[in-house]
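So the structure is just underneath, and the comments pick up after that.
The values are calculated or read from the model by the stated rules, or taken from the named source; none is laboratory data. All values derive from a computational prediction rather than experimental measurement. Neighbour counts are summed over all protein chains in view; Cβ atoms, including those assigned to glycine, are modelled from backbone coordinates with ideal geometry.
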Amino acid sequence: MTEVTVLAPNGGRRFIGKYMVQSVLGEGARGVVYAGVDPDIQRPVAIKTIHSHLLGTSAGDDLLERFSREARAAGRVLHANLVTIFDFLLEDGVPYLVMERVRSVTLKDHCKASSLLSLDDIHSILNQMLAGLSAIHAAGIVHRDLKPANVMLAEDDTVKLTDFGIARLTSMEATNAGMIGTPSYMSPEQMMGHPVDARADIYATGVMLYELLTGRKPYPGGGMEAMFNAVQNETPVLPSVLVPEIPPALDAVVMKAMQIDADKRYADAAEMRAAIDAALSGADPTTMIRVMPQVPASGSEATSGTMLTQISGQTLREVEHHLTSSMGPMGKVIARRVAGSARNAEEMIDAVLQDIPTQAEKDALRVKIQTALKTGGSVSSAGSASSAVSSTLPPEGVATLVKLLTPHLGPIAPVLVKRYAKTAAPLTDLGNELAAQNGDPDERRSFLNAAARIME
């Protein structure tokens with residue numbers, strides 16, 4: 001039997017399979033990455049795993065099997081812009097990926113460290129990302145978890161994608177631990193728990209391009225529900241409006257990549273890559289983009305005690321509407337920026353009115369914004385599930401439907417139940433509405449069978 005991980009407190013030899021573990025490269029809520037060595041050829045490797053307690057679900061065996069297939073498929077894809085997978089191990093029910101160890105920083109850390117990027121830098125990063133995506137898509141693999149933390153920038157400026165396939169494995173956390181990571185880069189169909197294809201990665205790439213160009217995410221909401229509602233109901237400010245140095249031709253590329261309807265996005269990575277090349281064909285590659293600081297997001301990412309955590313999304317949108325009617329698209333940017341720092345309503349009002357030119361306009365806007373903040377309700381009162389659910393539906397039945405739906409649709413399930421429970425009654429109608437949101441006939445049938453008892 002192969003030797004499994006031994007974490008010796010005295011710093012002695014440790015092994016995962018045949019691989020000697022030297023140190024911990026990083027550790028998070030989801031798992032650990034070790035620095036190791038292949039003793040047969042003295043090759044440095046990185047060994048990634050997820051915490052064993054995250055595997056203790058009924059769906060674990062099936063997910064592990066699917067992940068194993070994808071990991072082995074990914075291991076057959078060799079490309080300069082992919083972190084190479086050397087081996088896949090399953091020890092005592094815990095999966096380990098043995099992969100290329102790259103001296104690098106993540107795109108996330110790179111952007112934190114630098115406030116200036118050239119158009120040429122951005123062009124190079126996106127070209128290499130899309131080349132890597134083309135390679136895995138050609139092998140039938142969808143990344144599913146594309147975000148700056150999974151994009152590596154090597155010392156020679158080579159871009160390498162990592163963690164492809166891992167999102168499927170970690171999805172088993174959804175029923176027990178809520179949303180995995182940030183929903184900011186998830187396509188709408190992925191949020192809904194629907195089947196995804198390469199166009200889900202195109203969406204995430206569009207979000208990252210937006211972030212590289214502007215220094216902020218297109219939708220600043222923090223939690224799953226906030227993000228889902230924002231994607232469905234809001235239109236991001238165009239990058240060139242936020243950063244005038246950006247060629248307007250890039251606006252069209254970003255917005256097409258982030259279309260809600262997957263059919264309206266680029267069909268594949270090659271098409272998006274060509275569109276970026278065309279958009280930048282006449283631009284000065286040395287143009288520097290000054291990346292602005294991130295706008296604090298709502299929910300867990302927002303600064304504690306700010307107005308962004310105290311008001312509902314609807315209230316914020318009303319404030320944005322009033323400001324944009326007076327000052328154009330920048331009104332939305334200013335509203336969110338101020339909401340992320342102001343500690344009370346008056347502080348927020350004073351800040352957003354600073355750039356209004358005339359006193360008469362300020363006075364009129366002050367009344368409108370005060371009314372919006374006073375009547376709009378806060379997250380604490382407007383966001384409760386009970387207030388959103390039809391009074392004719394039994395709360396315990398609704399809660400059961402959430403529990404039954406989550407394994408099929410993931411963390412978006414509570415959002416959908418809340419939405420449809422506002423109008424659907426009795427529970428039979430609600431259950432049928434929810435079942436219709438799942439595009440897989442077998443999973444839809446499984447949910448309805450499980451829910452039949454409470455829907456009678």
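Report every pair of residues separated by at least 6 positions or lying on different chains whose Cβ atoms are under 8 Å apart, first residue within region 73-96 and among the hydroxyl-bearing types (Ser, Thr, Tyr), second surrounded by fewer than 16 Cβ atoms within 10 Å (Cβ to Cβ) and in a strand (DSSP E or B).
TYR96/LEU90
Since PRO195 meets every condition but one in (1) at pLDDT below 85; (2) over 26 Å from GLY26 (Cβ atoms); (3) within 11 Å of the chain's Cα centre (by Cα), which condition does it not meet?
(3)
One line per residue, one yes/no per condition, for (1) at pLDDT 70 or above; (2) closer than 27 Å to SER184 by Cβ; (3) in a loop (DSSP other than H, G, I, E, B); (4) not assigned by TED's automatic domain parsing to the domain that holds MET186:
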position	(1), (2), (3), (4)
LYS362	yes, no, no, yes
THR371	yes, no, no, yes
LYS403	yes, yes, no, yes
LEU409	no, yes, no, yes
ALA425	no, no, yes, yes
LEU434	yes, yes, no, yes
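Does ALA297 meet the test of being modelled with pLDDT of 90 or more and either more than 20 Å from the chain's Cα centre (by Cα) or assigned to a loop (DSSP other than H, G, I, E, B) (or both)?
Working: modelled with pLDDT of 90 or more: no; either more than 20 Å from the chain's Cα centre (by Cα) or assigned to a loop (DSSP other than H, G, I, E, B) (or both): yes.
So ALA297 fails the test.
Within region 57-90, which residues are in a strand (DSSP E or B) and at pLDDT below 85? Don't jump to the end; show me each part of the working.
Residues of region 57-90 in a strand (DSSP E or B): 82, 85-90.
Within region 57-90, just LEU90 meets the criteria.
Pairs under 9 Å by beta carbon, first residue more than 19 Å from ASP268 (Cα to Cα) and outside the structural domain of LYS264 (by TED's automatic domain parsing) in region 178-196, partner at pLDDT below 80 and in a helix (DSSP H, G or I), six or more apart or different chains?
Sorted first by the residue in region 178-196, then by its partner, the list stays empty.
Within region 31-40, is even one residue outside the structural domain of THR406 (by TED's automatic domain parsing), at pLDDT 75 or above and not in a strand (DSSP E or B)? Steps first, please.
Kept after step one, since they are outside the structural domain of THR406 (by TED's automatic domain parsing), are these residues of region 31-40: 31-40.
Still in the list and also at pLDDT 75 or above: 32-40.
Add one more test, that the residue is not in a strand (DSSP E or B), and what stays is 39-40.
Yes, region 31-40 has at least one match.
Does LEU146 meet the test of being at pLDDT 85 or above and not small (Gly, Ala, Ser)? Walk me through how you get there before you give the answer.
Details: at pLDDT 85 or above: yes; not small (Gly, Ala, Ser): yes.
So LEU146 fits the description; yes.
Of (1) of a type outside the set (Asp, Glu); (2) buried (at least 20 other Cβ atoms within 10 Å of the Cβ); (3) modelled with pLDDT under 95; (4) within 20 Å of the chain's Cα centre (by Cα), ILE260 satisfies all except one. Which?
(2)
Name the single residue that is surrounded by the most Cβ atoms within 10 Å (Cβ to Cβ) among those in region 263-288 being more than 20 Å from LEU146 (Cα to Cα) and of a type in the set (Val, Ile, Thr).
Looking at residues that are more than 20 Å from LEU146 (Cα to Cα) and of a type in the set (Val, Ile, Thr), I get THR287.
Consider SER381 against the criteria (1) modelled with pLDDT under 65; (2) part of a helix (DSSP H, G or I); (3) polar (S, T, N, Q); (4) farther than 23 Å from PHE228 by Cα: it satisfies all of them except one. Which criterion is unmet?
(4)
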